[in-house]
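Down below is the structure, laid out as structure tokens.
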Amino acid sequence: MNPLFTFILGLLIGWLIEWLIDFFYWRRRYGERESLSRVDQAKDRRTLSITDVESPPPVKVVPDDLKVIKGIGPVIERKLNDAGVYTYEQLGNLTTSGLRRILGNTIERLSDEEALLRQARDLARQK
């Protein structure tokens, strides 16, 4: 068999296996979350609270280091800050659907949104 043909055949088979894994594992796993988040977004559109409105931080607010919370890195912290969330208390007051709306696709990397919010509430109480 020609080595070039074997190489191309291997690439095609590898691509097919990767596509099957993506389709059957990841899309099914996160497809349920996506459909639930669409329902939550529809509910949130009807009931928008004052805490959901984006605004710059008040002058007296000292931003907390949100990266202390397990699961939050620099990228997620920047997205939260862009949405007007600067303190543990503000993060703790969010709902899971509000957090999903702010973080978008980044939320899929988090293992448990509720644990992240629980950590923020605990840190706000300790502060």
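Return yes when SER37 is of a type in the set (Gly, Ala, Ser), modelled with pLDDT under 80 and assigned to a loop (DSSP other than H, G, I, E, B) and no when it is not. Answer is no for this residue. Residues in segment 63-78 that are under 18 Å from GLU114 (Cα atoms) and open to solvent by 30 Å² or more (accessible area, probe 1.4 Å) were compared, and the one that is nearest to the chain's Cα centre (by Cα) is GLY71.
ILE76 meets the stated requirement of being of a type in the set (Val, Ile, Thr) and not in a loop (DSSP other than H, G, I, E, B).
Find the residue count for segment 87-106, including only residues that are of a type outside the set (Val, Ile, Thr) and farther than 15 Å from GLN119 by Cα. Before the answer, list the steps.
First, pick out the residues of segment 87-106 that are of a type outside the set (Val, Ile, Thr): 88-94, 97-101, 103-105.
Then drop every residue that is not farther than 15 Å from GLN119 by Cα, which leaves 97-98, 100-101, 103-105.
Selection size over segment 87-106: 7.
The set of residues from segment 81-93 being open to solvent by less than 40 Å² (accessible area, probe 1.4 Å) and within 14 Å of LEU123 (Cβ to Cβ) comprises VAL85, THR87, TYR88, LEU91, GLY92.
The values are calculated or read from the model by the stated rules, or taken from the named source; none is laboratory data. The shown structure was predicted, so the numbers you read here are calculated from the model rather than taken from an experiment. Note: ideal-geometry Cβ built from the backbone for every residue, glycine included; neighbour counts use all protein chains shown. Ligands, DNA and RNA are stripped out before the accessible areas are found, and what is left, the full protein with its side chains, is counted by its heavy atoms. Shrake-Rupley method; radii C 1.70, N 1.55, O 1.52, S 1.80 Å.
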